[in-house]
Amino acid sequence: MVDLKGQYNDIKDVVNPSIQEVIETTAFINGPKVHQFQKNLETYLDVKHVIPCANGTDALQIAMMGLGLKPGDEVITADFTFAATVEVIALLQLTPVLVDVNKDDFNINIEAIKKAITPKTKAIVPVHLFGQCANMEAIMDIAKAHNLFVIEDNAQAIGANYTYKNGKKVKAGTIGHVGATSFFPSKNLGCYGDGGAIFTNDDNLAHTIRGIVNHGMYERYHHDVVGVNSRLDSIQAAVLDAKLPHLDTYNKSRRNAARKYNLAFKGIENVITPKTVNGCDGICDTCDCHVFHQYTLKLKDVNRDALVKHLNEQGIPCGVYYPIPLHNQKAYADSRYNEADFPVTNQLVKEVISLPMHTELDDEQIEFITSTIIKFING
Ligand SMILES: *Cc1c(COP(=O)(O)O)cnc(C)c1O
């Protein structure tokens, strides 16, 4: 699904000495590389504060802690996403409220959010699934009207732009009150281990969060709030700082691969290619609105299990993200949920399949993957 080795070979000459420098200076924790990466990411995202942390799940949890959410507060998020999003809501004893998504962009559905709001609702967590933003303009309007916080789960969309109706462009993850991202190796900006970060333009919130990531300390050995220990280590920061200047190029390679996949599947009725909904109708490089963390098809009248088996036999990796709606997962099932409220997610989990997507995909690989699928479908 991903080719991390090819990407490493290209940046080896920068990454290796940078890691070596961390080792020679033994500044393993909170070293100058962490600060340098933080500053460079703030500039790239055009956001006032980046707070690095240990992974994307922590980033979400710390963001919610920083906002002062309390047990029993309801937090609305998407039913069709990776479990980390709902996991931290539950861990903090907040009440997750799962809602349905859109069939075209797989992102949280605006009408479903509106329907789910109660007097206990305190926050909305849109997940920018597979690399493009949820409808943030509508979400921010709802949040303003109901006095809610918006926490963007940007683990899959770093580098994506969001375009407002008036044409203004901003980076994904910097629109809500706070954004959270992951630098897991297979993410669009991945390190060589675990890593994550929190973004915000709010000075007070940034200050609160800087303490929370460091055991609730604002002054050494004075613990003002209950915190956690969540740090990005200096070696990971060195890797990320070497990769950040290439992020736009990486995302462009992904878009190129997506465009080629789309072209190859043109006219194949059983295959619905992914739709780009913010800013442009197709996959264009000027608007940068989709960074294709995953390239996900919807299959119509195709035996997905048989296709997966066939692809694996041909040596083609593929994935089903995600096979079970969160509201049906044992850990998150709840009698409050009604199947009739999740028509889209319930359908998507049966239809989706994600194809190999990374920065090193070449034409020959794409042609082999697409022709294998088309031949299978045409019998
Ligand atoms: C990867 C991911 C996370 C969690 O990131 P980790 O760094 O693995 O903890 C959270 N949300 C989404 C949508 C993700 O894809």
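Only the coordinates and a few stated rules stand behind these numbers; no lab work does. On a predicted model such as this, the values are computed, not experimentally measured, just so you know. A quick note on method: Cβ atoms are made from the backbone with ideal geometry, for glycine too, and the neighbour counts reach across all protein chains shown.
Which three extents, in whole angstrom, do the alpha-carbon atoms of the chain cover along their principal axes, largest first?
68, 55, 42
Give the calculated FRET efficiency between residue 207 and residue 305 to the nearest 0.05, with a Förster radius of 56 Å applied to their Cβ-Cβ distance. Working shown, then result.
Details: r = 51 Å, r/R0 = 0.91.
Once rounded, the FRET efficiency stands at 0.65.
If amide hydrogens are placed 1.01 Å from N in the peptide plane, which non-local residues have theirs closer than 5 Å to the one on residue 178?
Residues meeting the criterion, in which the H sits 1.01 Å from N, are 150, 152.
For segment 227-267 and segment 108-153, compute the distance between their C-alpha centroids and round to whole Å.
If we compute the Cα centre of each part, the gap is 25 Å.
Is there a quick way to get the dipole size of segment 237-350? I mean about its Cα centre, with the Cβ of Lys and Arg at +1 and of Asp and Glu at -1; what is the value in debye to the nearest 20?
Approximately 220 debye in magnitude.
Debye sum, Cα scatterers, segment 173-218, no solvent: what log₁₀ I/I(0) at q = 0.23, 0.24 1/Å?
Debye intensities relative to I(0), on a log10 scale: -0.85, -0.88.
If we count every other residue with Cβ under 12 angstrom of residue 53's Cβ, Lys/Arg +1 and Asp/Glu -1, where does the sum land?
Local charge sum for residue 53: -1.
Can you find, among 378, 217, 195, the residue sitting farthest towards the positive end of the charge dipole of the chain, where Lys and Arg contribute +1 and Asp and Glu -1 at Cβ?
Going by the Cα projections, it comes out as 378.
For residue 11, what is the net charge nearby, where nearby means another residue's Cβ is under 13 Å from its Cβ and Lys, Arg count +1, Asp, Glu -1?
Charge balance near residue 11 sits at -1.
Show me, for segment 258-263, the HN-Hα J-couplings you get by feeding each phi into the Karplus relation (A = 6.51, B = -1.76, C = 1.60, θ = phi - 60°), rounded to Hz, glycine and proline as x.
Once rounded to whole Hz, the list reads 4, 4, 5, 4, 4, 4.
Distance in nm between label sites at residue 11 and residue 364, each 7 Å beyond Cα in the beta-carbon direction?
Here the modelled spin labels are 2.6 nm apart.
Sorted by average packing, counted as other Cβ atoms within 10 angstrom per residue and highest first, what order do 308-318, 93-103 take?
Ranking, from highest mean packing down: 93-103, 308-318.
Given a Förster distance of 30 angstrom, what is the FRET efficiency for residue 141 paired with residue 340, based on the Cβ-Cβ distance and rounded to 0.05?
Efficiency, from the Cβ-Cβ distance: 0.70.
Given H placed 1.01 Å from N in the peptide plane, which residues other than close sequence neighbours of residue 218 have an amide H under 5 Å from its amide H?
Amide H to amide H, under 5 Å and 5 or more residues apart or across chains, residue 218 pairs with 224.
Provide the gained length on full extension for the span residue 21 to residue 169, in nm with one decimal, where the gain is 0.36 nm per separating residue minus the Cα-Cα distance.
On the way: separation 148, 0.36 × 148 = 53.28 nm, distance 3.69 nm.
Stretched out fully, the residue 21 to residue 169 stretch lengthens by 49.6 nm.
Taking the Cβ of residue 191 as the center, what net charge do the other residues with Cβ under 11 Å away carry, scoring Lys and Arg +1 and Asp and Glu -1?
-1
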